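Working notes, structure below.
Every number here is computed from the coordinates shown, using simple stated rules; none is lab data. In this text the structure is predicted, and so the values were computed from the model without any measurement. Counting neighbours? That spans all protein chains shown, and the Cβs are built from the backbone with ideal geometry, glycine included.
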Amino acid sequence: MSTDQSNNGTGFPSLEDFEALLSEYEGDQRVVRENEITTGRVLEVGEEYVLVDIGYKSEGRIPLDEFKDAFGAISIAAGDDIDVLVESREDDSGQCVLSKEKADRMKVWEEISLKAENDELVRGTIVSRVKGGLQVDIGVKAFLPGSQVELRPTRNLDRYIGQQYAFKIIKFNKQRGNIVLSRRALLEKEREELKKKTLEKLVEGAVIEGIVKNITDYGAFVDLGGIDGLLHITDMSWGRVSHPSELFGIGDEIQVKVLKFNSDNERVSLGYKQLTPDPWDGAERRYPEGIQVLGKVVSLIDYGAFVELEEGIEGLIHISEMSWTRRIKHPSKMVSEGEIIEVVILSLDMRDKKVSLGMKQIEPNPWTLLEERYPVGTRILGKIRNITDFGIFIGIEDGIDGLVHISDISWTQKIRHPSEIYKKGDEVEAVVLNIDVDNERFSLGIKQLEPDPWELIPSRYPPGKSVPAKITKLTDFGAFAEIEEGIEGLIHISELAYERIEDPSQVVKVGEEHKVEIISVDPKERKIALSIKSHKRRSESGNLREYSDDSGATAQLGDLLKDKLADTFSEEE
């Protein structure tokens, strides 16, 4: 066709030629559908938009932000081929509406959908904590429930943020944009595979590697590989352990010994201290009785202190074994925790694994020297350190007191309480009565400084002698009367008067003085029997005999019999 013919003389193509050219151009156009992904070529990277040719009659613009990475960098250039989503083939300005971001998301969804159908794993990074669990970036946002993070529920989910793991898709809904993941399912599968291998070598006595998984007050749980074992606190060390965290931390890789394995319930008891010898083996040779050793005070209790001789061997120092002389109310007065002290082995019980220790045995027993320094009968002078209901304590030496029992204060005086006579700090003299080294008792006496007046009473007050007496006390059965200071006798109710009386106060009053006759004297029991009635009869009959205290005379037996017969006849009349 000539130019003239094609232009019709006007310079423009004829209608037939234009339709032919348009048909040829449209034949070259790619089939482009909306909401589908197609490949385009980057024509230009501008400041705000990227111009992309997808082979359609018009180009498309995509915001530059869709091409920026997490750090804001642009990773494309003119000439690059990229996948884009055709949102609309033409907008109001006649350009295609494209999106690289939506294309990427759609491709990810397609990949995830395919993996979900084929039960394949996906990898992702935990990016944040959300209600009920964690959010994971696997190309799109997915949900990881808290119950699916670990084999056991964990409280601290924040520690997983930023971590990358493989996950199993347990729920997928593309229309709702809902993906639920599980890490626990993978861990359970891994655990089962490990468990099979572990069970093959899990026999009592075996030494295996494990990882500390959890720590409690009573022990630690160790992951042996698909199966957990309990390492009880008592099997961690031969020594003292207050809490398992003193020895182990979560994540520690340790060697343990299988103490017991129950295949029925798959319970495993583990030991750590059993990897080393028992310190009690041969302890009787290392710690014979009487040997002096060094030890560390590890614990104080009300009745003593525990001392570690070596790891796994502790002994008790009873509070009574801390000092020969000091009265210790609490062991903290003598030792403190962590202190290194010298002790003596008192006894060692291999069966019950107990050691008795002593501190005071390091020094000589001062009580063994007391007998030499203070033989019985020695007079001492000391100050009263304490007064009790039963006596007074007199200081002998530093830490050693002697007791004067209330019964050893006076031969004759009736003392209700020592405080009636003494007060704390008084200096008194006493005599040594007895020293009991085994029981650490030092007995003293004050009355023993003078002879016992009762030894002379029988000779000074023979039966039949009349003496003046002062009524000191009335009782239902008679009256007590003092014949000299500290010496009292009993006037029985039948000896108060001739006639029968029911109440002593009918005849005598406290404080009154009466003449009485000595009926009998018992120096062993320290008792004297007196009679007002006998004195009066003797006085009335003229047979009354006075005796001076220093005459030493005694009544004749015949005279006494006469007087008794006279009394009898008088009563009959």
Loop GluC sites (Glu not before Pro), the stretch 64-143, which have at most 15 other Cβ atoms in a 10 Å radius of their Cβ (DSSP): 90, 120
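Taking all pairs of distinct Cα atoms, average 1/r, flip it, and tell me the Kirkwood hydrodynamic radius of the stretch 304-423 in Å to one decimal place.
Hydrodynamic radius (Kirkwood, Cα only) of the stretch 304-423 equals 17.5 Å.
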The stretch 119-187 - percent relative contact order, Cα under 8 Å, separation 6 or more: 35
Summing +1 per Lys or Arg and -1 per Asp or Glu among the other residues with Cβ less than 15 Å from residue 513's Cβ gives -1
Checked against the positive end of the charge dipole of the chain (+1 on Cβ of Lys and Arg, -1 on Cβ of Asp and Glu, about the Cα centre), the farthest of 261, 382, 306 is 382
Please pull out the direction-averaged projected area of the stretch 202-275, using the convex hull of its alpha-carbon atoms, in nm² to one decimal place. 4.4
State, as an integer percentage, the relative contact order of the chain based on alpha-carbon contacts under 8 Å between residues 6 or more apart. 5
Largest-first principal axis extents of the Cα set of the stretch 268-369 (Å): 57, 26, 21
Residue 133's amide H: which non-local residues (gap 5+, or another chain) put their own amide H closer than 5 Å, with H modeled 1.01 Å from N in plane and none for Pro or chain starts? 146
Rounded to the nearest 20 debye, dipole of the chain from Cβ charges on Lys, Arg, Asp, Glu: 1900
Where a ≥ b ≥ c are root eigenvalues of the Cα gyration tensor, a/c under 1.5 meaning rounded, otherwise prolate if a/b exceeds b/c and oblate otherwise, the stretch 366-449 counts as prolate
If amide hydrogens are placed 1.01 Å from N in the peptide plane, which non-local residues have theirs closer than 5 Å to the one on residue 299? 306
Candidates per GluC sites (Glu not before Pro) in the stretch 479-519, loop by DSSP, up to 10 other Cβ within 10 Å: 485, 499, 502
Can you give the three extents of the C-alpha atoms in the stretch 119-187 along their principal axes, from longest to shortest, in whole Å? 32, 21, 18
Considering the values [x] 2.32; [y] 1.00; [z] 1.45, which represents Cα Rg over 2.2 N^0.38 Å as calculated for the structure under consideration? [x]
Go through 56, 292, 432 and say which Cα lies farthest out towards the positive end of the charge dipole of the chain; charges sit on Cβ, +1 for Lys and Arg, -1 for Asp and Glu. 432
Would you mind computing Rg(Cα) / (2.2 N^0.38 Å) for the stretch 359-399, counting N as its residues? 1.42
Show me the ranking of peptides 298-306, 419-427 by mean Cβ neighbours inside 10 Å, starting with the highest. 298-306, 419-427
Using Cα-Cα distances under 8 Å and only pairs 6 or more residues apart, what relative contact order does the stretch 388-438 have, in percent? 30
Dipole of the stretch 119-187, positive end: most advanced residue of 187, 133, 165 [Cβ charges, Cα centre]: 133
Under 5 Å, built H, 5+ apart or other chain: amide partners of residue 391: 406
Need one word for the stretch 68-204: rounded, prolate or oblate. Basis is the Cα gyration tensor (sqrt eigenvalues a ≥ b ≥ c); a/c below 1.5 gives rounded, then a/b vs b/c decides. prolate
List, in order, the whole-Hz ³J(HN,Hα) value for each residue of the stretch 505-514 obtained from phi through the Karplus relation with A = 6.51, B = -1.76, C = 1.60 and θ = phi - 60°; use x for Gly and Pro. 5, 5, 10, 10, 10, 4, x, 6, 10, 9
